[in-house]
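Below is one structure, written out as C-alpha cells; the observations come after it.
The values are calculated or read from the model by the stated rules, or taken from the named source; none is laboratory data. Predicted model, so just to flag it, every value in this text is computed and none were measured. Using ideal geometry, Cβ is built from the backbone for each residue, glycine included, and neighbour counts are taken over all protein chains shown. To get the accessible areas, we keep the full protein, side chains included, count just its heavy atoms, and leave off ligands, DNA and RNA. Shrake-Rupley method; radii C 1.70, N 1.55, O 1.52, S 1.80 Å.
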Amino acid sequence: MTTGEKRKKLWILNIAWAVLLIWLAVNWTERGYQHTVTVCPTKLLCGMPCPSCGLTRAFLLVAHGRFVEAVQMNINVLLLVPVYIAFPVAGLVGLVTRRNLQQRMLDIAEKYMRQWRVVVPIALFEITAEILNLYNHFSCGMP
C-alpha cells in the first residue's frame, strides 16, 4: 500500500470517528439510547439484528457510565470502546511527537488479523455477539 493510500485510509477512519462522536453528541440525553434510528440493512431488510446492532445505544450507555447495560445491549462494546478511545489519543500524541502512531496501530492490527490465533477468537466472539443479539431480539424485544 502506498503512502497516499495509507493517508487516505487514516482520513476515512478519522472522519468515521468524528461522525460517531457527533452522533453521540446529538443523542446525548439520559434516554437518547432508546430513540436511535435503525440504520442496519440486515435489521431493515430481514427484521433480525446483525452482530453490530445496538452498538450506538451501547456507546451512549457507556458515555453515561452505564457499563453493564452497555454490555447487555451489545457485547462488542467491550472491544470497540477501547479502540474508539485509543485511536484519537494516538493521533493526538502522534501530532505532538511528529510520529504517525495511528498508522502504526493500523499496521499492527493488520499484521495480527492475518494470524489464525487472533482471527479465530475474534470470530468466536462475533458469533457469540450474534447469538446474544438474536436471543435479546426474540426474548426481550431488543435491540
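Please determine whether any residue of the stretch 61-81 is part of a helix (DSSP H, G or I), of a type in the set (D, E, K, R) and over 30 Å from T3 (Cβ atoms).
Yes, the conditions are met somewhere in the stretch 61-81.
Report the residue count in the stretch 102-143 for those that are aromatic (F, W, Y), open to solvent by less than 60 Å² (accessible area, probe 1.4 Å) and touching a helix residue (DSSP H, G or I) at 6+ places or on another chain (Cβ under 7 Å).
In the first step, residues of the stretch 102-143 are kept if they are aromatic (F, W, Y); the result is 112, 116, 125, 135, 138.
The next check asks that each one be open to solvent by less than 60 Å² (accessible area, probe 1.4 Å); those that pass are 125.
If we keep only those that are touching a helix residue (DSSP H, G or I) at 6+ places or on another chain (Cβ under 7 Å) too, we end up with none.
Total meeting the criteria: 0.
Here is a list of conditions, (1) touching a Leu at 6+ places or on another chain (Cβ under 8 Å); (2) open to solvent by less than 70 Å² (accessible area, probe 1.4 Å), and P88 meets all of them except one; can you say which number that is?
Unmet condition: (1).
Just to check your reading of the model, which residue among M113, M73 is hydrophobic (A, V, I, L, M, F, W, C) and in contact (Cβ under 8 Å) with a residue 40 or more places away in the chain? Before you say what the answer is, go through the steps one by one.
Values: M113 fails: in contact (Cβ under 8 Å) with a residue 40 or more places away in the chain.
Within the list M113, M73, the selection yields M73.
Select, from V77, V71, the only residue that is open to solvent by less than 60 Å² (accessible area, probe 1.4 Å), modelled with pLDDT of 85 or more and closer than 22 Å to M105 by Cα. Write out each step before concluding.
On the way: V71 fails: closer than 22 Å to M105 by Cα.
Answer to the selection: V77.
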